[in-house]
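These notes concern the structure reproduced below.
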Amino acid sequence: MAGKITAGVSPKAELRKQIIAARDALPSATRCDLSARITRQLFELDAWRNAVCVLAYMSFGGEFDTGAAVADALAGGKRLCLPRVNRDQRALE
């Protein structure tokens with residue numbers, strides 16, 4: 001039956017787990033360099049330069065470091081929208 005829900009870990013969840021493990025296994029210096037490269041590319045985009053409002057998130061752990069982008073958005077007078085974490089419900093608001 002198509003679309004049948006089965007117990008256990010979904011393929012998407014398993015893939016996500018593998019990708020996060022590979023990212024977290026990178027040396028800190030490599031993650032820092034990759035974040036800097038992503039940030040430079042972001043700042044080169046016309047969409048970034050012309051943006052009035054930016055939707056972002058505050059990075060955590062081994063995620064892409066959004067700190068420079070958030071700081072640049074604020075320094076540039078852009079409206080910055082960040083999700084709020086509801087820790088009790090483990091959800092973003």
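The values are calculated or read from the model by the stated rules, or taken from the named source; none is laboratory data. No experiment lies behind these values; they were computed from the predicted model shown. Every residue, glycine among them, receives a Cβ derived from its backbone with ideal geometry; neighbour counts consider all protein chains shown. Side chains included, ligands, DNA and RNA excluded: accessible areas come from the protein's heavy atoms. Shrake-Rupley method; radii C 1.70, N 1.55, O 1.52, S 1.80 Å.
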Q) Can you give the calculated 222 nm mean residue ellipticity of the chain, where each DSSP H run of n ≥ 4 adds -39,500 (n - 2.57) and the sum is split over every residue, rounded to the nearest 500 deg cm²/dmol? A) -15000 deg cm²/dmol
Q. Under a 1.4 Å probe, what is the accessible area of region 1-74 per residue, stated in Å²?
A. 79
Q) If you rank Val85, Val70 by how much accessible surface each has, with a 1.4 Å probe, what is the order from largest down? A) Val85, Val70
Q: Work out, step by step, the length gained on full extension between Lys17 and Asp88: first 0.36 nm times the residue separation, then minus their alpha carbon distance; give nm to one decimal.
A: 23.3 nm
Q: With everything on Cα atoms, drop me the angle between helix 28-44 and the longest principal axis of the chain, reported from 0 to 90° to the nearest 10.
A: 60
Q: Pop out the carbon and sulfur fraction of the accessible area of the chain as a percent, whole number, probe 1.4 Å.
A: 58
Q) Hey, with R₀ at 25 Å, roughly what FRET efficiency would Glu44 and Cys81 work out to, going by the Cβ-Cβ distance, to 0.05? A) 0.70
